[in-house]
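Trainee: The structure follows.
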Amino acid sequence: MIISNSANIRCTLYVLCRKIISGFRYVIRVFDFIESSLTRRRSVLLRNIPFGKLQINLVFHSVCTNFACVKKKMLLAVGCWLLSLGLMAQDKKRQEVDMDSPTFVPTVKVGKVLEDGDSIQYMEMNNVYVFPPVTFSSKKQQGAYMRLVKNVKTVLPIAKEARMIMMETAAFLETLPTKQAREEHMKRVEKSVMQEYKPRMKKLTYSQGKLLIKLIYRESNSSGYELVQAFLGPVKAGFYQAFAWAFGASLKKTYDPEGVDRLTERVVLMVEAGQL
């Protein structure tokens, strides 16, 4: 069963449209400020210079005319750039998740132990979680829950992969003797991560990206901002935080399994156990 993500797409497009409109407004305010500055400068020159008023008027008229033309071209260019950012953030390809198959296949370990001269076989299985059935008061709530399950099944593997990368990187950094060697290694890691995960990140929806930030905190017990700051430094952390903020997210988000994220934690546990 494939859950349609049309609602997620509509939400993402709504947020992107708001960001594009906000960017246009900011650029227009900048151009208006420049035009008002030119007008004030023209008035000051006319008051302080008793001769050459005609030449001053002609010069400022030419400047303002050219500036108006440049303004139109710049607004068009900025609009195309903002639109391209929106398209980069939302891939048109649909994220399909098989809801009838477990994301993590349950594992069974069979072994034996020796006790009093006899070998006793044993079997280790995944945890099995039993929760009260979820009740919904409306179709909207049911749809939201199914989208949550789909999103968790999509981004939880990425969060676990991120944890493994961080553990391996931290362990390897301990073996490097100098700061320069560690910095060079982190540059290679960053480049490799960008090449491998950027295409996958571009296919995530807006809600999946925000959920991924929370699940990374769950897996590492540190926010995305703290992890980037620890591995790449405060400058890169600030840059990525600003980029996330521009799209309505935050790398400083935490995860509260006993509070607001308790339903997400329930879904995560069942997905990890292979029950979803």
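Trainee: Determine the gain in length on full extension of the stretch Lys202-Met146; use 0.36 nm per residue of separation and subtract their C-alpha separation, reporting nm with one decimal.
Mentor: Answer, rounded to one decimal: 18.0 nm.
Trainee: Counting Lys and Arg as +1 and Asp and Glu as -1, each charge on the Cβ, what is the dipole of region 118-276 about the Cα centre in debye, to the nearest 20?
Mentor: That gives region 118-276 a dipole magnitude of about 1000 debye.
Trainee: Quick one: if you stick a label point 7 Å off each Cα along the C-beta vector at Val193 and Lys252, how many nm between them?
Mentor: Those two pseudo-labels are separated by 2.0 nm.
Trainee: What order do you get for 200-210, 228-238 when each peptide is scored by the mean count of other beta carbon atoms within 10 Å, highest first?
Mentor: Ranked from most to least packed, the peptides come out as 200-210, 228-238.
Trainee: For an R0 of 41 angstrom, estimate the FRET efficiency from the Cβ-Cβ distance between Gln180 and Val108 and round to the nearest 0.05.
Mentor: 0.30
Trainee: Show me, for region 132-142, the HN-Hα J-couplings you get by feeding each phi into the Karplus relation (A = 6.51, B = -1.76, C = 1.60, θ = phi - 60°), rounded to Hz, glycine and proline as x.
Mentor: Those phi angles translate into x, x, 7, 10, 10, 8, 7, 5, 5, 5, 4 Hz.
Trainee: May I ask you to rank Val149, Val193 by accessible area, largest first, using a 1.4 Å probe over the protein chains only?
Mentor: Val193, Val149
Trainee: Now for a different question. All other residues with a Cβ under 11 Å from the Cβ of Pro257 taken together, and with Lys, Arg as +1 and Asp, Glu as -1, what is their net charge?
Mentor: Within the 11 Å Cβ shell, the charges total 0.
Trainee: If R₀ is 45 angstrom, what is the calculated FRET efficiency for the pair Asp118 and Leu269, using the beta carbon separation as r and rounding to 0.05?
Mentor: E between Asp118 and Leu269, to the nearest 0.05, is 0.80.
Trainee: Just report the Cα centroid separation between region 224-244 and region 108-123, whole Å.
Mentor: 49 Å
Trainee: Taking the dipole about the Cα centre of region 121-205, with the C-beta of Lys and Arg at +1 and of Asp and Glu at -1, give me whichever of Val189, Leu173, Met201 is farthest to the positive side.
Mentor: The residue sitting most towards the positive pole is Met201.
The values are calculated or read from the model by the stated rules, or taken from the named source; none is laboratory data. Note that this is a predicted model, so its numbers are computed, not measured. Neighbour counts run over all protein chains shown; Cβ positions are idealised from the backbone, glycine included. Protein only, heavy atoms only, side chains kept; ligands, DNA and RNA dropped before computing areas. Shrake-Rupley method; radii C 1.70, N 1.55, O 1.52, S 1.80 Å.
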